[in-house]
Amino acid sequence: MAAARGVLAVLAPTQKVKLDAAYATALMPVPEGAARSAGVAIGERAAAAAIADRADDATNAPDTFRPVTTPGVWIPTVAPVFAE
């Protein structure tokens, strides 16, 4: 739960209030204690590692594959090459 919350907080910061509410609801049945704290800490570290690992994967780069055009205009493409 903590890992998902950590990643979603970065990817959808405008949803922080909803994320926090859902997170609190999900943690409610888990008893307070060392196990819960350790689980949350591991989840937070996993989220930070996932975000750091993908920081430069170019998923936010603009899509330049398709030229801007209007509906109904054909754009020639290269046929894929593959073994038969």
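For the stretch 41-56, which positions are more than 12 Å from residue 5 (Cβ to Cβ) and among the charged types (D, E, K, R)?
Listed by number, the residues that qualify are 45, 53, 54, 56.
Among the residues in the stretch 18-25, are any under 15 Å from the mean Cα position of the chain (by Cα) and not β-branched (Val, Ile, Thr)?
Yes, some residue in the stretch 18-25 is under 15 Å from the mean Cα position of the chain (by Cα) and not β-branched (Val, Ile, Thr).
No lab work stands behind these numbers, since they all come straight from the coordinates. Values in this document were obtained by computation on a predicted structure and should not be read as measured data. Cβ: placed from backbone, ideal geometry, glycine included. Neighbour counts: every protein chain shown.
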